[in-house]
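The values are calculated or read from the model by the stated rules, or taken from the named source; none is laboratory data. In this text, all values refer to a predicted model and were calculated from it rather than measured experimentally. Heads up, the Cβs are rebuilt from the backbone with ideal geometry, glycines too, and the neighbour counts pull from every protein chain shown.
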Amino acid sequence: MEKDIRVRQIIQKNISEKSRFADRIMPVFFFLMASVSVLTTFGIVATLTTDAVKFFQAVPLREVFSTRLSPLSATPSFGILPLINGTIFTSLIAMVVAVPMGLAAAIYLSQFATEKMRKVLKPVMEVLAGIPTIVYGFFAYSFVTPLLMRLLPGLGAKNVISPGIVMGIMIIPLVASLSEDAMNAVPNIMREGALGLGSTKLEVALKVVIPAAISGIMSSIVLAISRAIGETMIVTIASGSSKNFSFDITQSMQTMTGYIVEFTSGDAASGTTGYYSLYAVGLLLFAFTLLMNQMAHHISRKYREEY
Amino acid sequence: MNGTGTEFMKKKTLEGARIPKAASYKIEIDRDRITRRIRKSNWSQHLFSLSTVFALLVLGILLYRIGIQSVGWINWNFLTGKLSIFPEKAGIYGAILGSVWLMLIVVPVTLVLGVATAIYLEEYANKGRVQAFIKINISNLASVPSVIFGLLGLSVFGRMLNLGSSILAGGLTMSLLVLPIVVVASQEALKAVPGFLREASYAMGADKWTTIRKVVLPVALPGILTGSILALSRAIGETAPLVVLGIPTLILKFPQSVMDDFTVLPIQIYYWTLDTVLTPEYANLAAATILVLLFVLFVMNSAAIIIRNKFQKRF
Amino acid sequence: MTNAVNENEKLVYEVKGLNLWYGNDQALKDVHLDIKKNEVTAIIGPSGCGKSTFIKTLNRMIENIPVVRTSGEILYHGENIFDKSIRVEELRTRVGMVFQKPNPFPKSIFENVVYGPKIHGIRDKKLLMEIAETSLRSAALWDEVKDRLNDNAYGLSGGQQQRLCIARCLAVQPDVILMDEPTSALDPIATYKIEELVDQLKAEYTISIVTHSMQQAARISDRTAFFLMGELIEFDTTETIFSNPRDQRTEDYITGRFG
């Protein structure tokens, strides 16, 4: 009897103020922590815009949308078109590699592969996805470029083709795994329906599964483009820093990301137009990738089939 | 037989029954065509499997090349020596130390921020606008290029808070970069905690915080750890934000505190790769450093997989 | 001898000593059964008795499950379907299947119906249209969808979707239609329509239908096979099965003593 009362008293005491206080204060703490991620986004937008605005105040728009980029010359010029050009070309080559390869891998893994093959290939894809981009950069520069130089005699030591291809390889797992998820989400009864009509496996994949999974596949491609645009180290190392506006993919071109890296690791003194130009390029890059990300979400949400 | 079957056996007269209109066409089965279709499918299968195997091949070539190039360069001196402009004498001890120091910042910061954010989103937030907003925000943050985080770090930590290119500045920048990974992984882990455990705790009169602390978190811990290790392995291999922060090219001093300048493994790879034109041996040093980096990543990922497998599906 | 050949011509399927295993679990045990032309054969039995497995073996759909092994023979018009020279794509073109849950493709109603003809190389728009109309009419769906052939098939009701799947199956003019509990996901009115349809279709097709409902088997089939734990217990005319079963277990099942 007495023991019972003692236990009750202890519980009564412990329920009291101290734990009540913790229970009330913790939600506030968690909310504050959660707001850090929001603050980060605001921080990015704020830092990019404040310094980008200073850039646009100093540089007329006509110069910004010109093809001449030479930030360190005596008569500096800040045309962004060479950078956009370089970004488009590297990303384009990456997509030419990543999309067909990634989709083929996704189709193979979800439609054809035996369970055993999947068990081998899926981890390989994950490993490929986990390799740091600096390693791919080294690989592009020290292996792929020399290899390509033997095939294409006019190829420069820094060029667009090699980093483009390697970036594409790096992105294959992204396209493959997201597209495979989309294909696996297609209900099995639909596959059975097609097989029951005498379709070959290829016909099931091309005529039923891919059309049904098309929104997921499209959104994986958009995310891949966004990834290619934002990729930094491979292009910085292997495509170099030529600021010429050209369409010759055998020679060096600079991407937006490459420009940011080159300029900060050089000596961009705070307060110069060159320094502010980093943030202008950064803002553009941020806007591009944000747009792509939103687009990917939009596609996968809007065109989701109701099966 | 007590007449069960027979009465419902009487067939109904079918109302409006139509004899199907006899088809005026005949679909012939073209056996050659079927042969061609099957052949096409088989060929495509080979093609698809080849492009999947291509990934395997690239991985093989990459590892092989790096292995070949680093043979003879990885040795005790390389792992424990100081940086040097002479390739034969150069060591990466400073970079290893730098990576460890960086982790000393990233681990606590991301764990506290990431897990707390996940707890807020999963356990406290109403399923309303605030939650949706934070979720969208995190998903967007995950897709921001790492070089942009570098610019953020440069402005906010480097210049505004005057931390320069110190370990603290780099660590905080890197923490924000991998934060979304930790948040999403922790959310998944918290979601996987079955509702009956929470109910059992509440039923004994425990309050929400006690329930989370004593019941939910311990159960979700393996999932959180797995996600966090993957986030850390991202942070260890990431280069661009630190380059943007302005990590010095050559550091001979080992870092002593979080306010010191530092270098990390990927940065060392970057600088050596850039200079291979002048000193070809730098390619070997870069390859050897890559091997060390990949080994560290391999160990971390294995740990994550072991944790995941060991604690998977206990309910 | 001549007599036997004539008799054999009427047989679409002759199943001889069929065994089937999922890994180490035997799901079908020494099944012998003949399916006759232009008849409806119902397959009944409690859940897990192997009736679905059996029907999916007839067009080798069961082989999509990797751990399946079979032994014995299934002769389809005298040819063993497990023979190496038989290609499943061809077999399944001749033997159509309707599934438990309606499974139209996420395409328009028209595209669903002409899917089969198209993979067989028919490109002529006019002919495709004719095929679509004939098939949809045969599936008693034409009047309901003729004005919206280009709408997505998922806008149809469950019963309409199932009839669309039947039309899709008819479009390649199969010889046999296998139905795996085609009405289990449908309401009574939709079920009634499908049953009505089966009755009409048997004039032109040979139909085998798995059903969980004994009433359905009794209403629409000519012959009924009763499966129990992977064994074919009894196979006879539907009338005999339901009025005068030879086996005690059959009687127990149809009188509702188990199942």
Does B:Leu47 qualify as being within 9 Å of another protein chain (Cβ to nearest Cβ), surrounded by fewer than 17 Cβ atoms within 10 Å (Cβ to Cβ) and modelled with pLDDT of 90 or more? yes
Considering residues that are buried (at least 16 other Cβ atoms within 10 Å of the Cβ) and either in contact with a Lys or Arg (Cβ under 9 Å, 6 or more places away or on another chain) or without any contact (Cβ under 8 Å) to a residue 12 or more places away in the chain (or both), the number found within region B:276-297 is 2
Among the listed residues B:Leu152, B:Leu141, which satisfies the condition of being in a helix (DSSP H, G or I), within 18 Å of A:Ala46 (Cβ to Cβ), facing chain A (nearest Cβ under 8 Å) and in contact with a Pro (Cβ under 7 Å, 6 or more places away or on another chain)? B:Leu141
Can you name the number of the only condition in (1) within 26 Å of A:Ala176 (Cβ to Cβ); (2) in contact with a helix residue (DSSP H, G or I) (Cβ under 7 Å, 6 or more places away or on another chain); (3) away from every other protein chain (no Cβ under 14 Å) that A:Ile88 fails? (2)
Look at region B:173-224 and say how many of its residues are under 30 Å from B:Trp101 (Cβ atoms) and buried (at least 21 other Cβ atoms within 10 Å of the Cβ). 18
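Answer yes or no as to whether A:Leu128 is hydrophobic (A, V, I, L, M, F, W, C) and over 25 Å from B:Leu265 (Cβ atoms).
Values: hydrophobic (A, V, I, L, M, F, W, C): yes; over 25 Å from B:Leu265 (Cβ atoms): no.
Against the criterion (hydrophobic (A, V, I, L, M, F, W, C) and over 25 Å from B:Leu265 (Cβ atoms)), A:Leu128 does not qualify.
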Which residue, of A:Ile169, A:Ile107, A:Ile134, A:Ile161, is facing another protein chain (nearest Cβ under 7 Å), under 24 Å from B:Pro280 (Cα atoms) and either free of Cβ contacts under 8 Å to residues at least 60 places away in the same chain or not aromatic (Phe, Trp, Tyr) (or both)? A:Ile134
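Looking at region C:202-217, which of the residues that are of a type in the set (A, V, I, L, M, F, W, C) and over 14 Å from the mean Cα position of the chain (by Cα) is surrounded by the fewest Cβ atoms within 10 Å (Cβ to Cβ)? So that I can check it myself, show each step before the final result.
Within region C:202-217, the first condition is being of a type in the set (A, V, I, L, M, F, W, C), and the residues that meet it are C:203, C:207, C:209-210, C:214, C:217.
With over 14 Å from the mean Cα position of the chain (by Cα) added as a condition, the list becomes C:203, C:214.
Working: C:Ala203: 9, C:Met214: 23.
Within region C:202-217, the match that is surrounded by the fewest Cβ atoms within 10 Å (Cβ to Cβ) is C:Ala203.
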Looking only at region C:23-71, and only at residues there that are farther than 16 Å from C:Asp180 by Cβ and free of Cβ contacts under 8 Å to residues at least 40 places away in the same chain, the one that is surrounded by the most Cβ atoms within 10 Å (Cβ to Cβ): C:Asp34
Would you mention how many residues in region B:264-275 are surrounded by fewer than 21 Cβ atoms within 10 Å (Cβ to Cβ) and of a type in the set (A, V, I, L, M)? 1
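Search region B:100-114 for residues being in contact with a Leu (Cβ under 8 Å, 6 or more places away or on another chain) and buried (at least 24 other Cβ atoms within 10 Å of the Cβ), and hand back the single one that is farthest from the other protein chains (Cβ to nearest Cβ).
First, the residues of region B:100-114 that are in contact with a Leu (Cβ under 8 Å, 6 or more places away or on another chain): B:103, B:105-107, B:109-110, B:113-114.
After this cut, where a residue has to be buried (at least 24 other Cβ atoms within 10 Å of the Cβ) as well, the list is B:106, B:110, B:114.
Details: B:Val106: 14, B:Thr110: 11, B:Gly114: 9 Å.
Among those residues, the one meeting the criterion is B:Val106.
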Residue hits (region C:81-101; assigned to a loop (DSSP other than H, G, I, E, B), in contact with a helix residue (DSSP H, G or I) (Cβ under 8 Å, 6 or more places away or on another chain) and charged (D, E, K, R)) are C:Arg87, C:Lys101
Across region B:186-234, what is the number of residues that are under 21 Å from B:Leu113 (Cβ atoms), within 10 Å of chain A (Cβ to nearest Cβ) and of a type outside the set (Ser, Thr, Tyr)? 6
